[in-house]
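Enquirer: I am attaching a structure below and will ask some questions about it afterwards.
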Amino acid sequence: MLQKKARPGYIQFIKTSAKTLIVVEALLFAFSYAGWYRLNTNREFRYYVKKNYPSILEAYYQLGETLGGDKSIRTYDENIWQQEQQAKK
């Protein structure tokens, strides 16, 4: 008859920690992708972020300019927001 040997406790701890880390990383990735997607597709959300978290919007624009090499989103947003401000007056 085969006898089972007990595994050391630290191996079980390492496995549990690794699984937890993978799940947490997947959730953080999904959350950050959802935020990026919303910034990328919704101008009103970009305006909200500009008013409340300007450093995040600046990082978004800088990343886009670095990867894409074009400043059109930033200038387009600024033009639209200026027009909306003038229309309110």
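The values are calculated or read from the model by the stated rules, or taken from the named source; none is laboratory data. Here the structure is a predicted model, which is why all the values come from computation and not from measurement. Using ideal geometry, Cβ is built from the backbone for each residue, glycine included, and neighbour counts are taken over all protein chains shown. Calculation scope for accessible area: heavy atoms of the full protein, side chains included, ligands and nucleic acids excluded. Shrake-Rupley method; radii C 1.70, N 1.55, O 1.52, S 1.80 Å.
Enquirer: Tell me, which residue of the stretch 1-36 that is of a type in the set (Phe, Trp, Tyr) and at pLDDT 95 or above is nearest to Ile80 (Cα to Cα)?
Expert: Tyr33
Enquirer: Provide a single number: the residues in the stretch 50-61 that are among the basic types (Lys, Arg) and surrounded by 11 or more Cβ atoms within 10 Å (Cβ to Cβ).
Expert: The number of residues fulfilling the criteria is 1.
Enquirer: In contact with a helix residue (DSSP H, G or I) (Cβ under 9 Å, 6 or more places away or on another chain), in a helix (DSSP H, G or I), open to solvent by less than 60 Å² (accessible area, probe 1.4 Å) and among the β-branched types (Val, Ile, Thr) - does that describe any residue in the stretch 62-77?
Expert: Checked the stretch 62-77: no residue is in contact with a helix residue (DSSP H, G or I) (Cβ under 9 Å, 6 or more places away or on another chain), in a helix (DSSP H, G or I), open to solvent by less than 60 Å² (accessible area, probe 1.4 Å) and among the β-branched types (Val, Ile, Thr).
Enquirer: Quick one: in the stretch 8-17, which of the residues that are exposed (fewer than 10 other Cβ atoms within 10 Å of the Cβ) and not aromatic (Phe, Trp, Tyr) is farthest from Ile73 (Cα to Cα)?
Expert: By that ranking, first place goes to Pro8.
Enquirer: Scanning the stretch 23-49 for residues that are touching a helix residue (DSSP H, G or I) at 6+ places or on another chain (Cβ under 7 Å) and touching a residue at least 24 places away in the same chain (Cβ under 8 Å), which turns out least open to solvent (accessible area, probe 1.4 Å)?
Expert: Here the residue is Arg46.
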